[in-house]
Amino acid sequence: MGISLQDYQTTLKSRATLTGIGVHSGNTVTVHFLPADADTGIVFHLIDGDQPMREFRALVSEVGATDLCTMLGDPAGQHIATVEHLMAAVLGIAIDNMVIEIDGREVPILEGSAIEFVEAIDQAGIEILSVKRRFIRILKTVRIESGASWAEFRPYSGTRFEVEIDFESPAIGRQSFASDLTADVFRAEIAPARTFGFMKDVER
């Protein structure tokens, strides 16, 4: 059997760069995607003016806030905001190891989806490494609730997402998605999906 993306860790073959504007800050920011060794994980390097480089690992323990965006670090100090579309792309096309250099405190929104991140990674190319992946297997259902929202992890042979949203706004309404997650499904059906906001949140 040959090496497959499913069994072995991956990284980038070369460097890729994107520049855009942060949706919350309004600042122009440049992001560089760099290859990394096996077991590095996804690591952000914040290059913020004259301050020393600060490293943030893409781990739940590093999440400092989730109000209107997902933020790594300290909301009142050094942080990197709005990482969710980039991290969706990383998961969706199965990148295990990458260093992300960013010269501002917010990942650019680009056109509001994950597709430009996917295209940048695809342009850099994906390299399969010689070290096997480690997986988390869900053995029993785990559920969390927040107001009217809830989420569950359920045992399953593979990786499947079943998601539903329901907003009073007629422009959004009720939408659902259910599929086993593969890189092809992510590229075609998820990556182009654009985020949205409401006028009541603009001043915030």
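The set of residues in the range 33-74 being at pLDDT 95 or above and on the phi > 0 side of the Ramachandran plot consists of ASP39, GLY41, GLY73.
Filtering the range 76-102 to residues that are in a loop (DSSP other than H, G, I, E, B) and either under 23 Å from ILE136 (Cβ atoms) or modelled with pLDDT of 95 or more (or both) leaves THR82, VAL83, ILE93, ALA94, ILE95, ASP96, ASN97. Report yes if some residue within the range 43-55 is over 26 Å from MET199 (Cα atoms) and either part of a helix (DSSP H, G or I) or within 15 Å of the chain's Cα centre (by Cα) (or both); otherwise report no. Checked the range 43-55: at least one residue is over 26 Å from MET199 (Cα atoms) and either part of a helix (DSSP H, G or I) or within 15 Å of the chain's Cα centre (by Cα) (or both).
Taking the range 117-162 as the region of interest, the strands (runs of 3 or more DSSP E) fully inside it that hold 2 or more residues being under 21 Å from the mean Cα position of the chain (by Cα) and over 30 Å from ARG174 (Cβ atoms) are 126-132. A single entry from ILE126, ILE100 fulfils the requirement of being open to solvent by less than 30 Å² (accessible area, probe 1.4 Å) and under 16 Å from LEU34 (Cβ atoms): ILE100. Among the residues making up the range 181-204, those that are within 30 Å of LYS140 (Cα to Cα) and open to solvent by 60 Å² or more (accessible area, probe 1.4 Å) are THR182, ASP184, ARG187, GLU189. The number of residues in the range 124-180 that are within 26 Å of GLN6 (Cα to Cα) and among the acidic types (Asp, Glu) comes to 4.
Residues that are surrounded by 10 or more Cβ atoms within 10 Å (Cβ to Cβ) and in contact (Cβ under 8 Å) with a residue 24 or more places away in the chain do not occur anywhere in the range 142-154. For first residues located in the range 163-177 and farther than 14 Å from PHE198 by Cβ and modelled with pLDDT of 95 or more, partners that are of a type in the set (S, T, N, Q) and open to solvent by 80 Å² or more (accessible area, probe 1.4 Å) and lie 6+ apart or on another chain with Cβ distances below 6 Å form the pairs GLU164/SER176.
The values are calculated or read from the model by the stated rules, or taken from the named source; none is laboratory data. Just so you know, these numbers come straight off a predicted model, no measurement behind them. Cβ coordinates were reconstructed from backbone atoms using ideal geometry, including for glycine residues, and neighbour counts include every protein chain displayed. These area figures cover heavy atoms from the full protein model, side chains too; ligands, DNA and RNA do not enter into them. Shrake-Rupley method; radii C 1.70, N 1.55, O 1.52, S 1.80 Å.
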